[in-house]
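Participant: If you scroll down you'll find the structure; I have some questions about it.
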Amino acid sequence: MKDRKFILSAGVFAFVCNLLLFGVKLYVGLASGSISIYSDGINNFFDCLSGALTVGVIIALSKVNGEEGEKIVKRTQHLLSFVMSVVVAISGFYFAYNSLERFVYPTPVNYMTKYLWLIVGTTFVKLLMIFVFRYLGKKAESPVIRVMAVDGVLDFFVSGVTVLTLVLTKSGGYAYDAVCGLAIGILITVGAIKLVISSVKAIIYD
């Protein structure tokens, strides 16, 4: 029962933070014309949905008690972590596809200092999320929180790359945006596929 409270807390925290990040990155991505920032925002939106799904599942299982109930919760967590990993993989593929499209239809990126500081701020939010997920992960041995923590680390590096991209595009080279976007998409997809494999193994053998 105690573990469920930590998982629920993680889900709510992930939902709120990723919704905030999605709003900021969507604004900066559309205003600047940066495909890497826009796609990163879409990735946060998927993470937001994952958080909402986690909250919904835990609430639905709140009345399931006893040893058999704990087995159901554990099994459900494995299935949920699998779904979350697949969602992350899809967002990574979407990211890479959009970046390739940018090579075909190049669009200049509009640099403004306020955009840079907004994206820098999102990296600190992601860093905070990593620490929170790791803390909650120590309190509850949950595969769902583990996926959130790993995804948080990936997103932190992704946000760092988008900061670098925005700085590079200041010189007017929109190709930097497409290259960095493609690199980010591949990074997210590869990391997510590893999580998918891990989740499948847990479902089969646990």
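The values are calculated or read from the model by the stated rules, or taken from the named source; none is laboratory data. Not measured: the values here are computed from a predicted model. FYI the Cβ positions are ideal-geometry reconstructions off the backbone, even for glycines, and counts take in every protein chain you see. Note: accessible area is taken over every heavy atom of the protein model, side chains too, but ligands, DNA and RNA are not part of it. Shrake-Rupley method; radii C 1.70, N 1.55, O 1.52, S 1.80 Å.
Participant: Take the residues in the range 30-70 that are modelled with pLDDT of 85 or more and over 10 Å from the mean Cα position of the chain (by Cα), then tell me which one is nearest to V87 (Cα to Cα).
Facilitator: Residue satisfying both the conditions and the ranking: L30.
Participant: Next question, about the same structure. Would you point out which residue out of G191, G160 is at pLDDT 75 or above, within 30 Å of R102 (Cβ to Cβ), open to solvent by 20 Å² or more (accessible area, probe 1.4 Å) and of a type in the set (G, A, S)?
Facilitator: Numbers: G191 fails: open to solvent by 20 Å² or more (accessible area, probe 1.4 Å).
Within the list G191, G160, the selection yields G160.
Participant: Okay, next question. Hey, could you check the range 18-46 for residues that are of a type in the set (V, I, T) and touching a residue at least 60 places away in the same chain (Cβ under 8 Å) and say which is most open to solvent (accessible area, probe 1.4 Å)? Talk me through it step by step, then tell me what you get.
Facilitator: To start, the set of residues in the range 18-46 that are of a type in the set (V, I, T) comprises 24, 28, 35, 37, 42.
After this cut, where a residue has to be touching a residue at least 60 places away in the same chain (Cβ under 8 Å) as well, the list is 24, 28, 35, 37.
Working: V24: 35, V28: 0, I35: 18, I37: 2 Å².
So the residue we want is V24.
The rows are residues; the columns are (1) within 15 Å of the chain's Cα centre (by Cα); (2) surrounded by fewer than 18 Cβ atoms within 10 Å (Cβ to Cβ); (3) over 20 Å from V24 (Cα atoms).
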residue: G121; (1), (2), (3): no, yes, no
residue: L136; (1), (2), (3): no, no, yes
residue: V147; (1), (2), (3): yes, no, yes
residue: D155; (1), (2), (3): yes, no, no
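Participant: Still on this structure, please answer the following. Sort out which residues of the range 1-17 are of a type in the set (K, R) and either at positive phi or open to solvent by 20 Å² or more (accessible area, probe 1.4 Å) (or both), and write them in order of number. Spell out how you get there, then give the answer.
Facilitator: Looking only at the range 1-17, we keep the residues that are of a type in the set (K, R), and these are 2, 4-5.
Scanning the range 1-17 gives K2, K5.
Participant: Quick check on V132: is it closer than 19 Å to G191 by Cα and β-branched (V, I, T)? So that I can check it myself, show each step before the final result.
Facilitator: On the way: closer than 19 Å to G191 by Cα: no; β-branched (V, I, T): yes.
For V132, the condition - closer than 19 Å to G191 by Cα and β-branched (V, I, T) - is not met.
Participant: Answer with yes or no whether V109 is at pLDDT 80 or above and buried (at least 17 other Cβ atoms within 10 Å of the Cβ).
Facilitator: Values: at pLDDT 80 or above: no; buried (at least 17 other Cβ atoms within 10 Å of the Cβ): yes.
So V109 fails the test.
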